[in-house]
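Notes to accompany the following structure.
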Amino acid sequence: MQTLFIGISADDFRPTKKKKQKWYRSTRLLTTTNGDVLAAFHSDSTSTFGRRNLLQIHGLAFSRSSLNALRPLDLQKLIDGANELDAHVSEIDLVIDDTAGVTPVAQIYEQSLPHRYKDFIRSTFLKDYRGKPTEPEFYGGTSIYYGRHGRSYCKVLFYPKHLCPNQRIYEPGNQLKYNWIRYELKLRGTAALRQGAELLSKVSSLATFGCNSMTMQEAVVDLFGKHFAYVIPGPRSSRRKLQPWWSELLRRATL
């Protein structure tokens, strides 16, 4: 833990009998004083593939919320520590946030309809599956899933953060004071392993000479670019240009 975090040791992770993880006998949680989970450490593997540990770092640990006791999380130490420990990424969630109002929300809803999305959205997650289209799925009247529904599949989520009930943002003293649109890229399975390894390599402060090093912001935008984009309709999907507002949002996200 001291290789990954500043000011955190194994003693700060408390044993729990709740929230057990499949393939592990033991779970220890790092929580806030209010009981919100920042990270979970799973050990005593029952897998036949060899001994291993699993560290899950929850989204709250990366946030600027007043509920986050780790803020600001030293992301560079976490990445360098993961490389030092020869860690493998098994799941990864990356986000681009729009707090400046660049996103044309009504336009996105319209362009994501079943009869329109193939013209306006390019994504590796929206390919036809078993002869059936993988259409964007509207959820709760405000959120959109781009990709197959289910925990084990890669996808992109679009949702207004100020309407999200998670992270207790409606509590007094923790409410958002502005509209906030979030784009969340979820990588799972082999995609997480492969691209997570590339991510750790590219943003490490110990990157070897000649390596295409990036900032975390640049790496996030690069991964979004590989898997998802709002585009201008054209004859060939692979050559369609980005919609100007999406291009501007990506530019801002690299800063």
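The values are calculated or read from the model by the stated rules, or taken from the named source; none is laboratory data. Just so it is clear, the structure is predicted and the values come from calculations on it, not from any experiment. For neighbour counting, all protein chains shown are included, and Cβ atoms are generated from backbone atoms with ideal geometry for every residue, glycine included. The area values use the complete protein model at the heavy-atom level, side chains included, leaving out ligands, DNA and RNA. Shrake-Rupley method; radii C 1.70, N 1.55, O 1.52, S 1.80 Å.
Any idea which residue in region 64-101 is most open to solvent (accessible area, probe 1.4 Å), counting only those that are farther than 16 Å from MET216 by Cβ and not in a loop (DSSP other than H, G, I, E, B)?
Here the answer is GLU84.
Test ALA82 against the criterion of being closer than 30 Å to LEU249 by Cβ and of a type in the set (A, V, I, L, M), and give yes or no.
Yes.
Hey, any hits in region 242-249 for a residue that's outside any helix (DSSP H, G or I), in contact (Cβ under 8 Å) with a residue 40 or more places away in the chain and over 20 Å from ASP98 (Cβ atoms)? Outline the logic, then answer.
Step one: filter region 242-249 for residues outside any helix (DSSP H, G or I), giving 242-243.
Those left that are additionally in contact (Cβ under 8 Å) with a residue 40 or more places away in the chain: 243.
Subsequent filtering for residues that are over 20 Å from ASP98 (Cβ atoms) retains none.
No, region 242-249 contains no residue that is outside any helix (DSSP H, G or I), in contact (Cβ under 8 Å) with a residue 40 or more places away in the chain and over 20 Å from ASP98 (Cβ atoms).
Pairs, please: C-beta under 8 Å, at least 6 apart or cross-chain, first residue modelled with pLDDT of 75 or more and in region 155-174, second open to solvent by 10 Å² or more (accessible area, probe 1.4 Å) and assigned to a helix (DSSP H, G or I)?
From residues that are modelled with pLDDT of 75 or more, the pairs are VAL156/HIS227; PRO160/VAL105.
So which residues in region 42-62 are surrounded by fewer than 16 Cβ atoms within 10 Å (Cβ to Cβ) and in a loop (DSSP other than H, G, I, E, B), if there are any at all?
Listed by number, the residues that qualify are THR46, SER47, THR48, PHE49, GLY50, ARG51, ARG52, ASN53.
If you scan region 18-35, which residues turn out to be in a loop (DSSP other than H, G, I, E, B) and open to solvent by 30 Å² or more (accessible area, probe 1.4 Å)?
LYS18, LYS19, LYS20, GLN21, LYS22, TRP23, THR33, ASN34, GLY35 - these are the residues of region 18-35 that are in a loop (DSSP other than H, G, I, E, B) and open to solvent by 30 Å² or more (accessible area, probe 1.4 Å).
Conditions (1) outside any strand (DSSP E or B); (2) open to solvent by 80 Å² or more (accessible area, probe 1.4 Å); (3) modelled with pLDDT under 90; (4) on the phi < 0 side of the Ramachandran plot, marked per residue:
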position: GLY141; (1), (2), (3), (4): yes, no, yes, no
position: GLU184; (1), (2), (3), (4): no, no, no, yes
position: GLN195; (1), (2), (3), (4): yes, no, no, yes
position: LEU199; (1), (2), (3), (4): yes, no, no, yes
position: CYS211; (1), (2), (3), (4): yes, no, yes, yes
position: VAL221; (1), (2), (3), (4): yes, no, no, yes
position: GLY225; (1), (2), (3), (4): yes, no, no, yes
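Of all residues in region 176-196, which are of a type in the set (A, V, I, L, M) and more than 15 Å from the chain's Cα centre (by Cα)? Break it down into steps so the answer makes sense when it comes.
Kept after step one, since they are of a type in the set (A, V, I, L, M), are these residues of region 176-196: 176, 181, 185, 187, 191-193.
Of everything in region 176-196, just one residue is of a type in the set (A, V, I, L, M) and more than 15 Å from the chain's Cα centre (by Cα), namely LEU176.
Name the residue, out of TYR129, TYR109, TYR117, that is hydroxyl-bearing (Ser, Thr, Tyr), open to solvent by 70 Å² or more (accessible area, probe 1.4 Å), over 17 Å from the mean Cα position of the chain (by Cα) and at negative phi.
TYR129
Test LEU38 against the criterion of being in contact (Cβ under 8 Å) with a residue 12 or more places away in the chain, closer than 22 Å to ARG182 by Cβ and touching a His at 6+ places or on another chain (Cβ under 8 Å), and give yes or no.
Numbers: in contact (Cβ under 8 Å) with a residue 12 or more places away in the chain: yes; closer than 22 Å to ARG182 by Cβ: yes; touching a His at 6+ places or on another chain (Cβ under 8 Å): yes.
Judged against the criteria, LEU38 is a match.
Go over the candidates THR103, THR99, THR124 one by one and state the one that is touching a Cys at 6+ places or on another chain (Cβ under 8 Å) and in contact (Cβ under 8 Å) with a residue 60 or more places away in the chain.
Details: THR103 fails: touching a Cys at 6+ places or on another chain (Cβ under 8 Å); THR99 fails: touching a Cys at 6+ places or on another chain (Cβ under 8 Å).
Matching residue, one of THR103, THR99, THR124: THR124.
I need the full set of residues from region 60-115 which are of a type in the set (Asp, Glu) and under 19 Å from HIS227 (Cα atoms), in order please. Steps first, please.
Of region 60-115, the ones of a type in the set (Asp, Glu) are 74, 80, 84, 86, 91, 93, 97-98, 110.
Across region 60-115, the qualifying residues are GLU91, ASP93, ASP97, ASP98.
I'd like the full set of residues that are polar (S, T, N, Q) and either open to solvent by 60 Å² or more (accessible area, probe 1.4 Å) or more than 16 Å from ARG122 (Cα to Cα) (or both), limited to region 237-255.
SER238, THR254, listed by residue number.
Looking at region 107-133, which of its residues are of a type in the set (Val, Ile, Thr) and not in a loop (DSSP other than H, G, I, E, B)?
Taking region 107-133 first, the residues of a type in the set (Val, Ile, Thr) are 108, 121, 124.
Matches in region 107-133: ILE108, ILE121.
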